[in-house]
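Encoded as structure tokens, the structure appears first; notes follow it.
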Amino acid sequence: MLRMDNLAREQISLERGEQERRGLKPYLTPVGAWAFSLGAAIGWGSLVVTSNTYLLQAGPWGSVLGLAVGALIMLVVARNYHYLINCFPDAGGAYAYSREVFGYDHGFLTAWFLGLTYLALLWANATSVPVFAHYFLGDVFRVGPHYVVFGYEVFLGEAMLTIGVIVLTALICMLSRKGIMHAMVVMALVFTAGITVCFIASSLGFSAAHGSTNPDFLSDSSAVSQVMLIACISPWAFIGFENVSQLSEEYAFPRRKVFRIIATALLTAMVLYAFVILMSVTAYPPEYANWFEYVSDLGNLEGIKALPPFYVAEHYLGGFGVNLLMAVLLALVGTSLFGNTIALSRLLYALGRDKVMPESVGEVSDRHIPVRAVAVVAAVSLVIPFLGRIAVGWIVDVTTIGATVIYGFVSAAAFQMGRKRGDKLERVTGGAGLALMLLVGVYLLAPSLFLAGSLEPESYFLFTVWGVLGLVVFRVVLARDRERRFGRAIVVWIGMLSLVAIFSYAWMSQSLFDAEEEAKSRVHEYYQVENPHAEGQAEDVFVSEMFKGLERRGSEIILVGMGMFALSLVLLLVNISHMTRRARRDEEELDVARGLALTDSLTGVKSKHAYKLMEKTIDEQIANGTVRDFALAVCDINDLKVMNDDYGHNAGDDLIRASSKIICDLFRHSPVFRIGGDEFVAVLTGQDYEARHVLIDTLAKTAERNVREGGPVVAGGLSQYNPTVDTCVHEVFERADACMYINKRSLKGDSALR
């Protein structure tokens, strides 16, 4: 099995080498890599999500300090990426590292979560375009048929706008690599400069009378807990900085520079986040007492007022500030769209090259661009516009959890490689990164399992569905896996089942909690607004209906959650059954191959290879003093060469088979080996050993008779093991072989041998 696995790896390596000769080519400069890393790391959320994700959870200074801690954590992860990029400079990033260090099962699991995370980011940016169009252009695109999905109105006009953005992004990514790189650099410089200018303007125009940063921290929890909360969602804040790992085959600079490039991008992103957060609390509409009241009421506002950074820019810079931030916003969306499309296409390219996906996905154009991979990314994304604007909370949750899983795998791979290669620093950073990601995961998931967590229930449901879908796709991958690379680490899929169980339970817990809160709100509304003096039968009917509705809702939630887990369990068992059958089939095929290797195809007796194995075994027994009495009978066919020369090889083969039958019939209780064209050895033990002299005499008499009558003539020689003289089987063989030649000489005469 190990040999078959090694041969498969060698074959894939050869194929990969051939593909690389006509595959991706270097073009990416250090500045381009910085732009890719920064552009994907910060994103449009810095201007839109910052207020309700950071300010309402930790205040301005809690948010800034939390982001600083998060940036330090990401630097540890970045160091692990740097190490693995230099160890495995392959497209695919985290997938490639897990594949090389832990195997293909781990690689698939990493790719599955990596794909979801990048897709969530891509979809978030694509579907944000209609939202921003509504903020600044009103209802221009809110035309055509419309419907409601997850509480969001979906207009055909906005859906078509999003589709146009996705298709245009894909087409541009298919046309030019260097053009995209230059555009990324320009856009990164635009949003970096734009945010900096607005921050400086807000700082210079700040006044204590109107723009106080109080409260610096929220009053409902400690400052430390608020800082830690923001630090724990740092995977969401900075996810995308690692997308340059997907482009490692396209570097036009030494890979040893990667860490400095990524670190610079991370620090730039952290500073820009801080600028946006701090400027957002320096001004607010006069009807609010402080920034907290303003930000808490954003859901009821529209236009510029609903976006604090834009309100601040208009407050201090007028129309120029708004136009500047609009350019910043477009640049942020553009870098995220291009960066995540490119990263996803390289991931799919690596999966196609490894035959996890159809091989055509791993093909590149004459411009060394994986255009089919880009097309797949666009095709998968085209259904999203018709589902409406994905809830902001979902995006944050999905990318936070997804990034935590991915960074955990990368850190574990760095730790394992550091230990294997004796690199102490990487063992430390890998272990630290893994420990930090485990802590972040526990911090995010544990409260949601037992209390009212901060993550949206839809996020858990999405992860549950994604996990179940992963088991389905893995079954397809297993069926297509001709090289037997997958299905070797069942523990990985038990881990996937555990994740599905955790997410489904968290979804049930959160959904039940939300149902109870909704019921409480309904009760409050009934008694306080609709029927403040309700009593008697009307009250009884209301209470009865409330309890029935709550019970029905709870049953539906539990049924769906348990159904998802049961489905994933069935899929896991189906996959394990397939892996078990395949392993059994492989073992049977290996046994057949081993049997063929140990059997002489012409005569059916054991082969020379089998004799060598037997000789090694007996030598080991001689060395440790456990060998039993044995003797060797060496046999040789007379006149085989004459038969081949005079009558052809078919006649020679008939003579070999007839001679083999004589030997086997005689030494019927002993294994017989064909160790040469006309030479056989029988290893005599037990009953044949006791009758060894009688048997060798019988062989001699049979040969003498066949000399006279014209049958097959087999010469034989016998020697028994002498523990006081012999140290190995070969010494016994040499004596038996010498005796065989004496017998051969007597049968043919000295003149026949000369």
field: Condition check for Leu478: within 20 Å of Phe259 (Cβ to Cβ) and either at pLDDT below 80 or open to solvent by less than 60 Å² (accessible area, probe 1.4 Å) (or both)
entry: no
query: Can you list the helices (runs of 4 or more DSSP H) found entirely within segment 32-120 that contain at least 3 residues being open to solvent by 20 Å² or more (accessible area, probe 1.4 Å)?
result: 56-87, 94-102
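Every residue, every condition in (1) of a type in the set (Lys, Arg); (2) at pLDDT below 90; (3) closer than 21 Å to Asn722 by Cβ, yes or no:
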| residue | (1), (2), (3) |
| --- | --- |
| Ile662 | no, no, no |
| Phe667 | no, no, yes |
| Val683 | no, no, yes |
| Thr702 | no, no, no |
| Gly710 | no, yes, no |
- request: Please work out which residue is nearest to Ala658 (Cα to Cα), limiting yourself to segment 687-726 and to residues that are polar (S, T, N, Q) and touching a Phe, Trp or Tyr at 6+ places or on another chain (Cβ under 9 Å).
  value: Ser719
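Listed here are the residues, each with its yes/no results for (1) under 30 Å from Asp481 (Cβ atoms); (2) free of Cβ contacts under 8 Å to residues at least 24 places away in the same chain; (3) under 19 Å from the mean Cα position of the chain (by Cα).
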site	(1), (2), (3)
Ser98	yes, no, yes
Gly103	yes, no, yes
Tyr135	no, no, no
Arg142	no, yes, no
Pro145	no, yes, no
message: Consider segment 317-327. How many of its residues are buried (at least 22 other Cβ atoms within 10 Å of the Cβ) and either at pLDDT 95 or above or over 30 Å from Ser176 (Cβ atoms) (or both)?
response: 1
Selected residue (only one of Asp540, Asp591 is at pLDDT below 75 and more than 30 Å from Ile662 (Cα to Cα)): Asp540
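Based on this model, can you work out whether Asp619 counts as open to solvent by less than 50 Å² (accessible area, probe 1.4 Å) and either in a loop (DSSP other than H, G, I, E, B) or modelled with pLDDT of 90 or more (or both)?
On the way: open to solvent by less than 50 Å² (accessible area, probe 1.4 Å): yes; either in a loop (DSSP other than H, G, I, E, B) or modelled with pLDDT of 90 or more (or both): yes.
When the stated conditions are applied, Asp619 passes them.
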task: Take segment 697-731 and flag every residue that is of a type in the set (A, V, I, L, M, F, W, C) and either farther than 17 Å from Val672 by Cα or part of a loop (DSSP other than H, G, I, E, B) (or both).
output: Ala700, Ala703, Val707, Val713, Val725, Cys728
Residues of segment 160-209 that turn out to be among the hydroxyl-bearing types (Ser, Thr, Tyr), farther than 22 Å from Ala35 by Cβ and not in a helix (DSSP H, G or I), as a count: 1
query: If we scan segment 408-417, do we find a residue that is modelled with pLDDT of 85 or more, open to solvent by 50 Å² or more (accessible area, probe 1.4 Å) and over 21 Å from the mean Cα position of the chain (by Cα)?
result: no
task: Tell me, yes or no, whether segment 654-674 has at least one residue that is open to solvent by 70 Å² or more (accessible area, probe 1.4 Å) and touching a residue at least 60 places away in the same chain (Cβ under 8 Å).
output: no
message: Take Asp636 and tell me if it is acidic (Asp, Glu), open to solvent by 50 Å² or more (accessible area, probe 1.4 Å), modelled with pLDDT of 85 or more and touching a helix residue (DSSP H, G or I) at 6+ places or on another chain (Cβ under 8 Å).
response: no
message: Yes or no: segment 265-281 includes at least one residue that is outside any helix (DSSP H, G or I), out of contact with any strand residue (DSSP E or B) (no Cβ under 9 Å at 6 or more places or on another chain) and open to solvent by less than 20 Å² (accessible area, probe 1.4 Å).
response: yes
message: Looking at segment 202-244 only, could you name the residues that are touching a His at 6+ places or on another chain (Cβ under 9 Å) and at pLDDT 85 or above?
response: Ser202
message: Give all pairs with beta carbons closer than 8 Å in which a residue from segment 165-179 that is hydrophobic (A, V, I, L, M, F, W, C) meets a residue that is exposed (fewer than 14 other Cβ atoms within 10 Å of the Cβ); count only pairs at least 6 apart in sequence or on separate chains.
response: Ile172/Gly179; Met174/Ser365; Leu175/Arg367
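The values are calculated or read from the model by the stated rules, or taken from the named source; none is laboratory data. Because the structure is predicted, anything quoted here is derived from the model rather than measured. Glycine also receives a Cβ, built like all others from the backbone with ideal geometry; neighbour counts cover every protein chain displayed. Ligands, DNA and RNA are stripped out before the accessible areas are found, and what is left, the full protein with its side chains, is counted by its heavy atoms. Shrake-Rupley method; radii C 1.70, N 1.55, O 1.52, S 1.80 Å.
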